[in-house]
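> One structure, pasted below without further comment.
The values are calculated or read from the model by the stated rules, or taken from the named source; none is laboratory data. Note that this is a predicted model, so its numbers are computed, not measured. Positions of Cβ are generated from backbone atoms using ideal geometry, with glycine treated the same way; all protein chains shown enter the neighbour counts. The accessibility values were calculated without ligands, DNA or RNA, using every heavy atom of the protein model including side chains. Shrake-Rupley method; radii C 1.70, N 1.55, O 1.52, S 1.80 Å.
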Amino acid sequence: MFNLNDYPLPYRETDLEPYMSAETVRIHYGRHLATYIANLNKLIANTKYANMDLHEIIIGSANNPGEQNIFNNAAQVYNHQFFFNCLGRGNNAIPDIMSDAFGGVSEFKEKFKSVANSVFGSGWVWLIHNGEKKFEIVATKNADTPIAHNQKPVLTLDLWEHAYYLDWQNRRADYVDRFLESLVDWKFVIDNMNM
Ligand code: MN
C-alpha cells in the first residue's frame, strides 16, 4: 500500500507564496497526488504488483497495454512526488554546471521554456542528466515518465492544467517562467545529479 505520508512535502503549503499559492499546493498535493495513490492501491490489490515498489511497477506495466491504468497512476505518483521535491525557496541560483552545459543561464532557460511551451495538452517537462556535464531537456505526454525510458531525471515541471490554473489560468508560459525564476530548488537538482 502506498500512502501520502510516505511522500511528505519538504515545505509548508504557504512557503511557496507568492509564486505558488497555498491553495494550489494544498489541492495539487492533498487531492491530485492523494487520488493517484488511492487509485494505484486499488488497481494493484491482489495483483503481482501488490508488493512491488513504485519503480518496479512503472517498469513492469510500461509496455503492457492491458496495464495502462496501473502505469498511469504509478507514473503520476512518481512524477508528483518528484515534482514537489523540485520546488522550494532559497536555493534558486542556477548552478554553474547548468550554464556550462547549455552555453549560458539564459540559453538554459530559453531551451527549457521552449520545450515546456511546445507541450500540447497534459504532460511534463524534464531535465535529464546523461552523466558529468551532459544534459537534455525533454517533454513527456500525460503520465509518461523518463524512468520508464531508462533516463535519469533531475528536475521536472508539471504542465497539467491542474498544476497552474488556480494561479495562472490560461497563462501557462508565465507559470513556466515563474518556476524557473523563483521556485526551483537547485540544491535538490544537484543532489540528484550526485546520486
Ligand atoms: Mn499534477
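> Can you send over the carbon and sulfur percentage of the accessible area for the chain, probe radius 1.4 Å, protein chains only?
On the way: 4550 of 9530 Å².
It is 48 percent, rounded to a whole number.
> Starting from region 93-193, pick out the chymotrypsin sites (Phe, Trp or Tyr not before Pro) whose DSSP state is loop and whose Cβ has at most 13 other Cβ atoms within 10 Å. Before the final figure, lay out each step's value.
Numbers: sites: PHE102, PHE108, PHE112, PHE120, TRP124, TRP126, PHE135, TRP160, TYR164, TYR165, TRP168, TYR175, PHE179, TRP186, PHE188; in loops: PHE120, TRP160, TYR164.
Listed in order of number, the matching sites are PHE120.
> Once R0 is set to 30 Å, what does the formula 1/(1 + (r/R0)^6) return for the Cβ-Cβ distance between TYR19 and PHE120, expressed as a FRET efficiency to the nearest 0.05? Mind dumping the intermediate values first?
On the way: r = 25 Å, r/R0 = 0.84.
So, using R0 = 30 Å, E works out to roughly 0.75.
> When the chain is fully extended, how far beyond the present Cα-Cα distance does ASN3 get from ASN63, taking 0.36 nm per residue of separation? Mind showing how you got there, number by number?
On the way: separation 60, 0.36 × 60 = 21.60 nm, distance 2.54 nm.
Result: 19.1 nm gained on full extension.
> What length, rounded to one decimal in nm, is gained on full extension from ASP100 through to ALA45, with 0.36 nm per residue of separation minus their alpha-carbon distance? The partial results should precede the final answer.
Working: separation 55, 0.36 × 55 = 19.80 nm, distance 4.68 nm.
Contour length minus Cα-Cα distance gives 15.1 nm.
> Expressed as an acute angle from 0 to 90° and rounded to the nearest 10, what is the orientation of the C-alpha long axis of helix 68-86 relative to the principal long axis of the chain?
Once rounded, the angle reads 40 degrees.
> Going down the table (LYS152/LYS187; LYS42/LYS187; LYS134/LYS187), which pairs top 25 Å between alpha carbons?
Working: LYS152/LYS187 17 Å; LYS42/LYS187 35 Å; LYS134/LYS187 18 Å.
Check vs 25 Å cut-off fails for LYS42/LYS187.
> Once amide H atoms are placed 1.01 Å from N in the peptide plane, what residues at a sequence separation of 5 or more from ASP185, or on another chain, have their amide H within under 5 Å of its amide H?
Under 5 Å from the amide H of ASP185: LEU87, GLY88.
> Need the full-extension length gain, ASP174 to ASN92, defined as separation in residues times 0.36 nm minus the C-alpha distance. One decimal, nm. Could the numbers behind the result be given before it?
Working: separation 82, 0.36 × 82 = 29.52 nm, distance 1.71 nm.
Contour length minus Cα-Cα distance gives 27.8 nm.
> Looking at region 88-159, which GluC sites (Glu not before Pro) are DSSP coil and have at most 13 other C-beta atoms within 10 Å of their C-beta? It would help to have the intermediate numbers written out before the result.
On the way: sites: GLU107, GLU110, GLU132, GLU136; in loops: GLU132.
Here the GluC sites (Glu not before Pro) that fit, given the DSSP loop and packing criteria, are GLU132.
> Please give me the summed charge of the neighbours of VAL184: other residues whose Cβ is under 11 Å from its Cβ, Lys and Arg +1, Asp and Glu -1. Please list the in-between numbers first.
Details: positive: ARG89, LYS109, ARG178, LYS187; negative: GLU181, ASP185.
Within the 11 Å Cβ shell, the charges total +2.
> Given H placed 1.01 Å from N in the peptide plane, which residues other than close sequence neighbours of GLY123 have an amide H under 5 Å from its amide H?
ASN142, LEU159, TRP160
> Same structure again: Hey, can you find the accessible area per residue of the chain for me, probe 1.4 Å, expressed in square angstrom? The partial results should precede the final answer.
Values: 9530 Å² over 195 residues.
Here the per-residue accessible area is 49 Å².
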